[in-house]
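Q: Right, I'll just put the structure down here and ask away after.
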Amino acid sequence: MKSKFTRKEIKYAQTIGSLFLMAFVVYGFGRHFFESEYVITKYVGATLILLNSTIVLFIGILFRKTLQGYNLFVGHVYLATRIFEAITLASLVLTLVPAVNFSDDYGYYAAMVGLGVGSIPMCLTLYKHRISPPWLALWGIIGYTVFAVGFLMEFYGKEWSMFLLIPGGLWEITFALWLIIKGGNPSESP
């Protein structure tokens, strides 16, 4: 483990952290607007969801570079996970505007199950190689596991996802803030 990151590595980590936070905000507003009864608002929402897909894709591309330095396979898995999420969410709005209601479509659930399952190896790599503080990596492993189970249960009519996404969602926000504040440097963490 390196004790000091270069300025470039810190900026790189901060960019990834910023993208995590942007994805939350853009998707949140996008979904809200997309579920509107007004067509123009629905199109604004669709545009924001497409922007979210682009952000998610860039998270995968950028974070893969870091992960590949520790585990080439996990880097590819994480990128594939983010590509799957981006395409699945984008296809929901591209093929169904303006008549879709998210609650009627399982594509969103599939995207979230894929994100949860595909992010577990990333968190394991964070833990194994001490890329992040151990507590943060373990939280990610647990959070994404619970997250994936919650969305998987949606396929069986169990409306658990809203409650079970909380640990994974809070982890993403915490991880993003850690990347932005600490620059991805585990030696700078408490």
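Readers should treat all values here as calculations from the given coordinates under stated rules, not as data from a laboratory. Just so you know, these numbers come straight off a predicted model, no measurement behind them. Note that each Cβ is placed from the backbone with ideal geometry, even for glycine, and that neighbours are counted across all protein chains shown.
Q: Using Cβ counts within 10 Å as a stand-in for footprinting exposure, how do Phe20, Phe147, Phe155 rank, fewest first? Walk me through the numbers on the way to the answer.
A: Details: Phe20 21, Phe147 27, Phe155 11.
Fewest to most other Cβ atoms nearby, the residues stand as Phe155, Phe20, Phe147.
Q: Nearest 10 degrees is fine. How inclined is helix 7-34 to the longest principal axis of the chain, computing both from alpha carbons?
A: 20
Q: Could I ask something else about it? Helix 72-96 sits at what angle to the longest principal axis of the chain, using alpha carbons and giving 0 to 90 degrees rounded to 10?
A: 20
Q: What's the longest piece of the chain with no exposed trypsin sites (Lys or Arg not before Pro), counting a site as exposed if DSSP puts it in a loop and it has at most 15 other beta carbons within 10 Å? Mind dumping the intermediate values first?
A: Values: sites that count: Lys2, Lys4, Arg130, Lys158.
Free of exposed loop sites, the longest segment is 5-129.
Q: Continuing with this model, one more query. Among Met22, Met122, which comes first, then next, by fewest other beta-carbon atoms within 10 Å? Can you show the working numbers first?
A: Working: Met22 17, Met122 26.
Exposure proxy ranking, most exposed first: Met22, Met122.
Q: Using Cα-only point scatterers and the Debye equation, what is log10 of I(q)/I(0) for the chain at each q in 0.08, 0.12, 0.13 Å⁻¹, rounded to two decimals?
A: Summing over Cα pairs of the chain leads to -0.26, -0.57, -0.67.
Q: When the helices in the chain are scored as -39500 (n - 2.57) per DSSP H run of 4 or longer and the sum is shared across all residues, what 222 nm value do you end up with, to the nearest 500 deg cm²/dmol? Mind dumping the intermediate values first?
A: Details: 7 runs with 147 residues, N = 190.
Using -39500 (n - 2.57) per qualifying helix, the result is -27000 deg cm²/dmol.
Q: Here is a follow-up. Which angle from 0 to 90°, rounded to the nearest 10, does the C-alpha axis of helix 39-68 make with the longest principal axis of the chain?
A: Tilt of helix 39-68: around 20 degrees.
Q: Can you give me the C-alpha center-to-center distance between region 116-190 and region 27-96, rounded to a whole angstrom?
A: Value for the Cα centre distance between the two parts: 17 Å.
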